[in-house]
Amino acid sequence: ECPFCGEAAGRELEAHLWARHGHLLGDLGPGNDEQLYECPMCSLTCTNIQILEEHVDLHLEENSFLEGGNMRDRELAQQLQTEEDKQQKSEEEKQEREEFKKLQRQYGLDNSGGYKQQFLKNMEREVDRGRMQPFDYHKRKADMMESLAFGIDDGKTKTSGIIEALCKYYQNENKDVRHVWLAAGVDHFHSSLGDRGWGCGYRNFQMLLSSLLQNSLYNDCLRDITAIPSIPKIQSMIEDAWREGFDPHGASHFNNRLRGSKAWIGACEIYSLLTSLRIKCQIIDFHKPTGPTGTHPRLFEWVLHYYSADNESGAKVVCTSKPPIYLQHEGHSRTVVGIEEKKNKTLCLLLFDPGCPSQEMQKLLEQNSDGTSLKLLRKYLGSLKEKQYQIVAVDGVLSLEEKAACCHASQVLTSEKIP
């Protein structure tokens, strides 16, 4: 463009300047000896310095405009990227909150009520479906309220005498069992309408406690427990153990409260509760498979040693004085009540599962049992293939000083790992 009139002159700019604006350029022309000034940006020749300065200012204004446009483009791009990042972060946080709420519901930490609320809700559903009469509903509700008031389990899911029946069965079994070791008498407890889906840890504690209450070694520790406690009572007992200082990390996970919730419990809660009662026990963590195809032969060997160490007689059937073992893995827990050694040296655990109803467990009490019901209990090496297992094993009584030491230790380390 012409710096004087703004017309587009293209490559003929110099001719245009002399033809149209020669009066501004003076008498200077081709061959004149007057000094000329060349634009450093476009090489245009100017006749004086003032015209050159004005011309260069036009260049600078144009560049400033272009740079301003580029700056606005960059700012817009940065703004769009910031908004996109903000939206993505918001969606991720929303997804995390939903996943956390899902986990809270799964593990009973969503404030949806506890044993009592679930019991009543499930009974109402049974009435609506015609499976329960209103009279039975009110009677069972009254029984449940009385049980909760006294903190004692109603015993309606209990099956007794199984260990004794197993002892008789193995005495007459002549097929493939070489040796069998059984825990001291254990009652089986299964889940009820109030704890179905989340109560396995509490039911396994009831099984373990049922054996301890029959053992005089633990009379002093358990003198304040005259009957098997209800699940809400067990929740209160665990809270008491936390208040004593056991497992503060675990307590914080539950916000120091279990009663009134459907919270799942595991090996650490069982350890804390038992130790608070001055019952000596330990947690053993089998944190990875020790055999082919994800199996845990070290776990089986540990259980065999636990039951047979003090019972090395040559008898085929050994009814030991050992309490049962609490067995935990992700999502479920069971109670180990014995172990078989087959004639081919393979091992088989005998487990009480809280998920197995009384009707099935009572088949083990039949005098003419042919052993088919033992499928409910038997777990071979290939049957236990979870990534990790934990066991809680009872082994005696603690003094008050030992209990205090265990309380302090549980605040630092709560499990011994088997490599």
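The values are calculated or read from the model by the stated rules, or taken from the named source; none is laboratory data. Small disclaimer: the values here were computed from a predicted structure and weren't measured. Cβ placement follows ideal geometry from the backbone for every residue including glycine, while neighbour counts extend to all protein chains displayed. The area values use the complete protein model at the heavy-atom level, side chains included, leaving out ligands, DNA and RNA. Shrake-Rupley method; radii C 1.70, N 1.55, O 1.52, S 1.80 Å.
Structure summary
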| read-out | value |
| --- | --- |
| Region 271-370, relative contact order [Cα under 8 Å, separation at least 6], % | 14 percent |
| Two-site FRET efficiency, GLU146 against GLU366, from Cβ-Cβ distance with R₀ of 41 Å, rounded to 0.05 | 0.80 |
| Given charges at beta-carbon only (K, R positive; D, E negative), |dipole| of region 159-417 in Debye | 600 debye |
| Restraint check, LYS121/LYS379; LYS156/LYS322; LYS121/LYS385; LYS141/LYS168, Cα-Cα greater than 29 Å | LYS121/LYS379; LYS121/LYS385; LYS141/LYS168 |
| Share of carbon and sulfur in the accessible heavy-atom surface of region 257-365 [1.4 Å probe, %] | 50 percent |
| Surface share of carbon and sulfur [accessible, 1.4 angstrom probe, percent] for region 142-197 | 52 percent |
| R0 of 51 Å, Cβ-Cβ distance ASN219-LYS89: FRET efficiency to nearest 0.05 | 0.30 |
| Region 159-417: relative contact order in percent, alpha carbon pairs under 8 Å with at least 6 residues between | 31 percent |
| In region 314-365, the trypsin sites (Lys or Arg not before Pro) that fall in loop regions by DSSP, at most 13 other Cβ within 10 Å | LYS343, LYS345 |
